[in-house]
Each structure stands twice: as C-alpha cells, then as structure tokens.
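Here the structure comes first, spelled out in structure tokens, and everything after it is commentary.
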C-alpha cells in the first residue's frame, strides 16, 4: 500500500482549493533605524547654513527650533548637497511655510531628498538652535482577500498590489503676491506618486499657472487644462481651478498638438520628476491672495 494514496491527495487538494484564501503582504521598512538627533544650528548668533541633515531613504524629518531670537530660519532641501531649494514644513500648530521666525516643531516630507538644512538669514539678535530628527520610510502594502475557488488545472491564484492612495497637501497658503509678481518657483514635493493635480485659489485676474519643463523654461502648457492669462478669479476654496500636471510641454511650440480632452492629455502624461516646480503669476493690477493645493495619486 502506498503511504500517500493518489486519490486521497487529489481529494485533499480539491477541498483546499474550494476555500477562500487570504494573502497578506508585509510592511517593509527602508533604513531600518532612526538615527539620533542632530544639532543643525547650535545657539548661533549670525546668518549661516548650519549643519546638513542626511535624510536619504527616510520619510520625514522633524526640526525643533529653539531659542529667543529675531531671525529667519529657511527650510531647504537638496539632491546633491550643492543646489538647494525651498521646501515646505508643517508646524505643530498646523501652519505651512518654507521658513519660520518662531520656535516650534516643523515636520518636512523628505522621501526623495538627500539632505535638508535650516539656513539662518536676516539675523538681528538672540541665539538660534535647530535640532533635527528623521523617521524611517515605510512602504505599506495591502491585504488581498481571494473569495473564489481556484479554477481546476490552474496554479495562478492572483497577486498583491501596492496600496493606492490619494493625498491632499497645501503648498501655498493664502500668500500675498504683488501686481505683476509671482509666487516664485515652488517644489511639488514629489515622491513616487503617479499623478499630481493642482488646485488654485486666487482672488484676482488675470493669472497664469506655469511649471518647469524637463528641459527647462516655465510654461503653462505642461498642465491640462492650460491656465494662461485666466480671466476668472477662483476665490472660493470649494471651487478651485483644477489642472493635471502632465510633466511635459504639450504646446504647439514644441510640435505637439494641443489636447482637446482629458483622455487625450493623459496620453502625453509622464510621472512627475522629483525636482519639478511650479509658479503662479498675478497678472492683475492688484495685490492677489493665492492658495495652492496639490492632489497626489498613487496607482
């Protein structure tokens, strides 16, 4: 007699495949540890760049600003420790800005950057201390419930996918821009999202939304719909002007036909670059109040 009869094995397999299977993927932590606090500015009494905080392969950094002072602390990021860009931070009271003049805790998303710094400028008096701390990058994935039986003769039962999500961030918060001025180039703060939608609120018109093309130059035709010299103000937060950032210039100036629908525009869409920036131009003769939010989509 066989120790494992074939008919018994087949019956057992049939029973197993008629039941629901649960596949759970585990969360993975990149970095694996959280380094000790780093003093980036140590009771300084003058303008200066301070000590760089390495944030490579970390998700967030929290900077604690201490002291009694009259000065400005500028939050900046870099991918090469040579070129530095402004980056927004969220204070513990919920306010969002790329610089500060008061003490507090400031959280910065740093997943795509190599380093950040807290540069002191406009020093008048007192002493400034900034201490930084980073936290690991967590890549969370979702569980998948298979409720159907495995088809006879099939060995493929399905596969798990990364958890998709949508996230809304405020990058410019009720900022005043003079007549004919602009917000300056502001980083989208891209990590690994697939799409970035831009939501504009501005109480004056005309206005323009520009972004940097991959090969340089700020243009409006990297968005769909394009927002060039818009003759309508969008003052209500509930009804912003919404455009998709395409990551590439789709204007006729570069030999591409202007899309006539969102479906056509998405045919040109490229995932945004980590160093992608945008700006809003106030084309009116009045002081404008501008708020910019971005809707990030992971697929």
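Couple of notes before you dig in:
- Largest-first principal axis extents of the Cα set of region 29-138 (Å): 42, 31, 24
- q = 0.18, 0.20 Å⁻¹, region 166-297: log10 I(q)/I(0) [Debye, one scatterer per Cα]: -0.96, -1.18
- Reported to the nearest whole Å, the Cα centre-to-centre distance from region 192-238 to region 280-294 is 10.
All of the numbers you see were taken from the coordinates with simple rules; none came from a lab. The shown structure was predicted, so the numbers you read here are calculated from the model rather than taken from an experiment.
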